Amino acid sequence: MIADLAQVAPIWMPAAGFLLVLLMETVLPQKDSSTALSLTQLSLLGALLLAFGPVANGDTTVFAGMLALDRFTMCFQVLIAGIALLITVSCESYFKGWKLAATEAYALILAAVTGMMLVVAARDLMVLFLGIELLSIPLYVLTAYRRLQDTAVEGGFKYFLIGAFASSFLIYGIALVYGASGSTLYAQVARAAGTSSTLFTIGTAMMLIGLGFKIAAAPFHHWAPDVYQAAPTPVTGFMAAAVKTAAFGGLLRLAMEVLPATPALLKGLSVIAGLTMIMGNLGALLQTNWKRLLAYSSVAHAGYLLIGVIATIVSPESDAVSAVIFYLFTYAIMTVCAFTIMVFFLRENREGQDLSSLRGLSRTHPYLAFGLALCFLSMAGIPFTAGFFGKFYLLLMAWKADMVALSVLLILTSLLSLYYYLRVVVTLYMKAPSGSRSPTIQSRALSAVTLACGAAILVLGLYPAPLLEFLH
Amino acid sequence: MVELNHYLILSALLFGLGLIGFVVRRNSLIMFMSIELMLNAANLTFVACARHHVGAEGSVLALLVIAVAAAEVAVGLAILLALFRLKKTVNADEARELRA
């Protein structure tokens with residue numbers, strides 16, 4: 001047991017950081033949150049580095065087979081810790097700008113990261129459930145963090161109600177699957193999957209509905225725009241990048257090890273994937289609020305990713321898994337980049353979130369405008385950006401798995417998405433600036449994160465081979 | 001003789017009741033209670049299946065669910081309280097500032 005603990009350091013390190021930050025705030029109250037920030041970043045960095053451990057030691061499972069330590073876990077844990085690390089940088093500037101206490105926010109982010117680390121390593125349905133709860137509950141609080149603002153609390157409230165509703169679907173599904181198989185371990189659940197009992201089918205459907213809410217797949221996506229709009233900008237970035245990564249990590253492992261390739265399941269998931277792509281892209285067309293736009297765009301990306309999940313269920317040993325992970329890497333980088341740039345402007349009211357506030361940004365803030373344009377072009381999947389290869393590999397996998405309809409839909413909806421992504425770029429570059437030069441935060445750390453993410457988008461767009469090799 | 005199926009039907013009914021309650025009622029506290037009903041449907045299933053499979057695992061899982069539900073409600077009520085302070089109502093339909 002103790003030996004196992006040493007191996008799962010990436011999971012308990014953020015948890016230890018969470019407790020330390022909270023304790024420190026009570027025992028030794030600090031004037032500012034810089035100590036909390038260093039503690040947070042230290043534990044995240046530790047988790048990031050120690051996540052590489054399993055590769056050196058070979059694939060194993062620990063805690064009676066409940067947690068898997070393999071390459072898959074490693075890729076996801078590295079990605080999640082990396083996202084969290086970059087987000088803490090923008091948190092610092094954001095909360096300082098708003099004159100809000102940031103210590104609790106760091107603690108909550110660490111708690112959520114613990115949950116995410118659990119979700120991607122889970123090989124037991126109950127661990128999956130606990131991980132999802134542990135990542136969700138701190139996020140309800142983080143969404144409502146500006147607790148004197150009507151909109152923020154309303155967003156947190158809605159997120160909580162929908163999240164708890166989704167969790168009850170997930171746990172009821174797990175209960176039914178346990179009833180059908182007599183165990184919650186993936187290996188034993190998979191054995192029962194072959195018998196295809198009614199109990200198992202209903203249970204799986206319920207679980208997938210619950211997870212569908214968490215990844216904001218249509219028709220369970222209606223909470224996303226409201227919550228994205230309400231949450232503090234860095235938290236929205238954290239949700240868009242890290243939560244999606246973790247939830248897809250959990251879903252992908254289920255697809256690899258548990259979910260049977262029955263026609264009913266594949267048909268159901270295909271309908272959800274198609275619907276998610278269509279609803280996400282159609283919803284984004286009409287948005288004038290950039291946070292809501294990115295919310296619908298994240299719904300659309302969840303639809304693309306679901307194609308990879310279906311391809312994984314069809315052939316668990318295929319490269320579809322690494323295509324999905326590659327897509328999540330690129331998606332996380334561009335999302336973090338876009339939200340970090342938006343932190344520079346620090347405005348959360350209706351006007352500040354309106355796309356028109358970005359008019360002519362290329363003239364007043366050329367670097368920020370270029371970075372933002374790069375993010376949006378990458379999300380659209382324009383060649384020579386990271387997003388292009390992400391979509392390209394997913395399409396390849398869909399084609400190999402004979403999913404013609406979904407492949408065509410992916411191409412069509414991507415073309416549709418060009419409209420709203422390019423509209424932002426046009427606003428940035430071809431409209432005259434409105435009013436005076438908008439003020440921005442000056443922060444070297446923030447600029448460094450933006451620069452690193454922007455460079456990563458370009459490098460991955462030109463030379464994706466090393467990362468792909470790493471993910472295989 | 002009460003069999004596994006009877007328990008499963010009862011828990012499905014409980015879950016359905018909670019689901020309908022959540023969708024139909026607009027009072028946030030009642031919506032909370034409906035969610036609890038759905039969680040308890042899962043608990044009943046766990047315990048019934050644990051007896052069917054003759055093992056303690058399912059009962060332990062039910063205890064875990066109870067603990068998680070308590071944590072969730074603690075946070076949920078705190079958020080609801082913050083909302084009530086701002087809006088002076090617990091009606092979910094009054095929470096509609098967030099629009100496109």
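The values are calculated or read from the model by the stated rules, or taken from the named source; none is laboratory data. Note that the structure is predicted; figures quoted are calculated from it, not measured. No Cβ is skipped: glycine too gets one built from the backbone with ideal geometry, and neighbour counts run over all protein chains shown. The area values use the complete protein model at the heavy-atom level, side chains included, leaving out ligands, DNA and RNA. Shrake-Rupley method; radii C 1.70, N 1.55, O 1.52, S 1.80 Å.
Could you please state how large a percent of the accessible area of chain B is carbon and sulfur, counting protein chains only and using a 1.4 Å probe? Mind dumping the intermediate values first?
Details: 3670 of 5450 Å².
Carbon and sulfur together cover 67 percent of it.
In region A:310-353, what GluC sites (Glu not before Pro) fall in a loop by DSSP, with at most 10 other Cβ atoms inside 10 Å? Mind dumping the intermediate values first?
Details: sites: A:Glu317, A:Glu348, A:Glu351; in loops: A:Glu317, A:Glu348, A:Glu351.
Qualifying residues, ordered by number: A:Glu317, A:Glu351.
Once you average over the residues of B:62-72, how many Cβ atoms of partner chains fall within 10 Å of each Cβ?
Averaged over the peptide's residues, the number is 4.
At a 1.4 Å probe radius, which order do B:Tyr7, A:Tyr296, A:Tyr178 fall into by accessible area, largest first? Intermediate values should be presented prior to the final figure.
Details: B:Tyr7 70, A:Tyr296 35, A:Tyr178 5 Å².
Per-residue accessible area, sorted high to low, gives B:Tyr7, A:Tyr296, A:Tyr178.
Quick one: with all protein chains in place, what share of the accessible area of chain A is carbon or sulfur, to the nearest percent (1.4 Å probe)?
70
Taking the solvent-accessible surface of protein heavy atoms with a 1.4 Å probe, what is the per residue accessible area of region B:4-90 in Å²?
Result: 50 Å² of accessible area for each residue.
Please give me, ordered by residue number, the trypsin sites (Lys or Arg not before Pro) of region A:1-106 that lie in loop per DSSP and have at most 14 other Cβ atoms within 10 Å.
The qualifying sites are A:Lys31, A:Lys99.
Keeping every protein chain present and rolling a 1.4 Å probe, give me the accessible area per residue for region A:307-404 in Å².
Numbers: 3350 Å² over 98 residues.
Per residue, region A:307-404 has 34 Å² of solvent-accessible surface.
Take the Cα coordinates of the protein assembly as shown, assign each an equal point scatterer, and use the Debye formula without solvent to give log10 I(q)/I(0) at q = 0.06, 0.10, 0.11 Å⁻¹.
-0.27, -0.81, -0.99
Scan chain B and hand back the longest stretch that contains none of the trypsin sites (Lys or Arg not before Pro) lying in DSSP loops with at most 16 other Cβ atoms within 10 Å.
The segment B:27-87 is the longest one with no such site.
Just the Kirkwood number for region B:4-90, please: inverse of mean 1/r across all distinct Cα pairs, in Å, one decimal. Please list the in-between numbers first.
On the way: mean 1/r = 0.0709 Å⁻¹.
When all Cα pairs of region B:4-90 are included, the Kirkwood radius is 14.1 Å.
Students sometimes get this wrong: rank B:His53, A:His301, A:His222, B:His6 by accessible area, probe 1.4 Å, all chains present, largest first.
If we order B:His53, A:His301, A:His222, B:His6 from most to least accessible, we get A:His222, B:His6, B:His53, A:His301.
May I ask you to evaluate 6.51 cos²θ - 1.76 cosθ + 1.60, the Karplus curve with θ = phi - 60°, for each residue of region A:14-22 and list the ³J(HN,Hα) values in order in whole Hz, giving x for glycine and proline?
x, 5, 5, x, 4, 5, 4, 4, 5
Could you give the nm distance between label points at A:Ala205 and A:Phe52, where each point is 7 Å from its Cα heading toward the beta carbon?
Spacing of the two 7 Å Cα→Cβ label points: 4.7 nm.
Which loop-located chymotrypsin sites (Phe, Trp or Tyr not before Pro) does region A:1-89 contain, where loop means any DSSP state but H, G, I, E or B and the Cβ has at most 13 other Cβ atoms within 10 Å? It would help to have the intermediate numbers written out before the result.
Working: sites: A:Trp12, A:Phe18, A:Phe52, A:Phe63, A:Phe72, A:Phe76; in loops: A:Phe52, A:Phe63.
Here the sparse-neighbourhood loop sites are A:Phe52.
Over 21 Å between Cα atoms, which of A:Lys158/A:Lys214; A:Lys99/B:Lys88; A:Lys158/A:Lys244 qualify?
Exceeds cut-off: A:Lys99/B:Lys88.
With a ≥ b ≥ c taken as the square roots of the eigenvalues of the C-alpha gyration tensor of region A:258-332, please select rounded if a/c is under 1.5 and otherwise prolate if a/b is larger than b/c or oblate if it is not? Numbers along the way, then the final one.
On the way: a/c = 4.15, a/b = 1.69, b/c = 2.46.
Cα axes put region A:258-332 in the oblate bin.
If one takes the accessible area of chain B alone plus chain A alone and subtracts that of the pair, with a 1.4 Å probe, what total in Å², rounded to the nearest 100, results?
For B against A, buried area totals roughly 3800 Å².
Where only protein heavy atoms count, and the probe is 1.4 Å, what is the accessible area per residue for region A:149-280 in Å²?
Result: 24 Å² per residue.
Sequence-distant or interchain residues sharing an amide H contact under 5 Å with A:Leu69, placed H: which?
A:Thr60, A:Thr61, A:Val62
When chain B is modelled as a GNM with alpha-carbon springs shorter than 10 Å, which of B:Leu29, B:Leu17, B:Leu86 fluctuates the most?
Per the Cα network of chain B with a 10 Å cutoff, B:Leu86 tops the list.
Report the Rg/Rh value for region A:282-472, based on alpha-carbon coordinates and the Kirkwood definition of Rh. Before the final figure, lay out each step's value.
Working: Rg = 17.2 Å, Rh = 17.2 Å.
That ratio is 1.00, to two decimals.
For region A:101-157, taking Cα atoms only, what is the radius of gyration to one decimal and the Dmax to the nearest whole Å?
12.9, 41
Spin-label point model (7 Å from Cα, Cβ direction): what's the A:Ser315 to A:Lys96 distance in nm?
5.2
Helix-derived [θ] at 222 nm for chain A: sum -39500 (n - 2.57) over DSSP H runs of at least 4, divide by residue count, nearest 500? Mind showing how you got there, number by number?
On the way: 22 runs with 356 residues, N = 472.
Mean residue ellipticity at 222 nm (helix-derived): -25000 deg cm²/dmol.
How high is the relative contact order of chain A, in percent, counting Cα pairs under 8 Å that sit 6 or more residues apart?
Contact order relative to length: 14 percent.
Once phi is turned into ³J(HN,Hα) by the Karplus curve 6.51 cos²θ - 1.76 cosθ + 1.60 with θ = phi - 60°, what whole-Hz value does each residue of region B:30-35 show in order, with x for glycine and proline?
With coefficients 6.51, -1.76 and 1.60, one gets 5, 5, 4, 4, 5, 5 Hz.
Work out the length of the dipole vector of the protein assembly as shown about its Cα centre, built from +1 on the beta-carbon of each Lys and Arg and -1 on the beta-carbon of each Asp and Glu, and round it to the nearest 20 debye.
1580
If I model a spin label at A:Ala452 and A:Leu5 as a point 7 Å from the Cα along the Cα→Cβ vector, what separation in nanometres do I get?
3.1
Taking the Cα centre of chain B as the origin, how large is its charge dipole in debye, to the nearest 20, when only Lys and Arg (+1) and Asp and Glu (-1) carry charge on their Cβ atoms?
In total the dipole reaches around 460 debye.
At what distance in angstrom do the alpha carbon centres of region A:311-376 and region A:120-175 lie from each other?
24
With viscosity set to 1.567 mPa s at 4 °C, what whole-number translational diffusion coefficient in µm²/s follows for region A:366-446 from Stokes-Einstein and a Kirkwood radius over Cα pairs?
The Stokes-Einstein estimate is 87 µm²/s.
Please name which of A:Phe248, A:Phe95, A:Ala320 has its Cα lying farthest along the dipole of the protein assembly as shown towards the positive end, using unit charges on Cβ (Lys, Arg +1; Asp, Glu -1) and the Cα centre as origin.
Farthest towards the positive end: A:Phe95.
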